[in-house]
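Below you'll find the structure, written out as structure tokens, and then a few comments.
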Amino acid sequence: MRPKTRDLPAVTDQDILSCDNVPVELAARYLGSSTATLYEALQDERVPFGWAVQRNSNWAYNISPGALVRYKREGLPMYKLKDVSEIICEDVNRLIDQRMALVGRLTSALLEQ
């Protein structure tokens, strides 16, 4: 029988920083969260310190030790890749529209000469 989480020793920053990829179970204990909650948060891209990738029916997880410690100590902003991509695409489209409008004005001016 496995010991209950509350019976396990506290997870320290050093424990986390000694990992290359923090196991989800260890990260959950460090944050005082359940593993199920952390698995779901990673899959839904709701945490800024790691990611999850589904391969067939299996999930692979990566949790950055430094980002996890910073998240617990300082908090980190969360930006989903999809949201960042949309913002960048909107800005690029706006720039293209501005450039095309400028090209149109220059072309009209040249044709008038």
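Nothing in this text is a laboratory measurement; each read-out follows from the coordinates by a stated rule. Predicted, not measured: the structure shown is a model, and the values here were computed from it. Ideal geometry is used to build each Cβ from the backbone, glycine not excepted, and the neighbour counts take in all protein chains shown.
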* Structure fact -> In degrees rounded to 10, the 0-90 angle between helix 81-112 Cα long axis and the longest Cα principal axis of the chain is 10
* To do: Express the C-alpha Rg of region 11-60 as a ratio against the empirical globular expectation 2.2 N^0.38 Å, rounded to two decimals.
  => 1.14
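Give me the net charge for the shell around residue 39: Cβ to Cβ below 13 angstrom, other residues only, Lys and Arg +1, Asp and Glu -1.
Counting the neighbours of residue 39, the net charge comes to -3.
Just to confirm a number: summing +1 for Lys and Arg and -1 for Asp and Glu over residues other than residue 92 whose beta-carbon lies under 12 angstrom from that of residue 92, what do you get? Walk me through the intermediate numbers first.
Details: positive: 94, 99; negative: 86, 90, 91, 97.
So the environment of residue 92 carries a net charge of -2.
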* Structure fact -> Candidates for P(r) over Cα pairs in 5 Å bins from 0, in percent are [x] 2, 9, 11, 10, 7, 5, 5, 5, 4, 5, 8, 9, 9, 7, 3, 0; [y] 2, 12, 24, 25, 18, 11, 6, 2, 0; [z] 2, 10, 15, 16, 12, 9, 6, 5, 5, 4, 4, 4, 3, 2, 1, 1, 0, 0, and the calculated one carries label [z]
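Which order do 102, 76 fall in if you start with the one that has the fewest other Cβ atoms within 10 Å? Spell out each step's value before the answer.
Values: 102 10, 76 14.
Ordered from fewest to most neighbouring Cβ atoms within 10 Å, 102, 76 come out as 102, 76.
Summing +1 for each Lys or Arg and -1 for each Asp or Glu, what net charge is found among the other residues whose Cβ lies under 14 Å from the Cβ of residue 12?
Working: positive: 29, 72, 73; negative: 13, 15.
Result for the local shell: +1.
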* Overall Cα dimensions of region 51-97 - principal axes, largest extent first, Å -> 42, 35, 11
* Asked: With charges set only on the Cβ (+1 for Lys and Arg, -1 for Asp and Glu), what does the dipole of the chain come to about its Cα centre, in debye to the nearest 20?
  -> 300
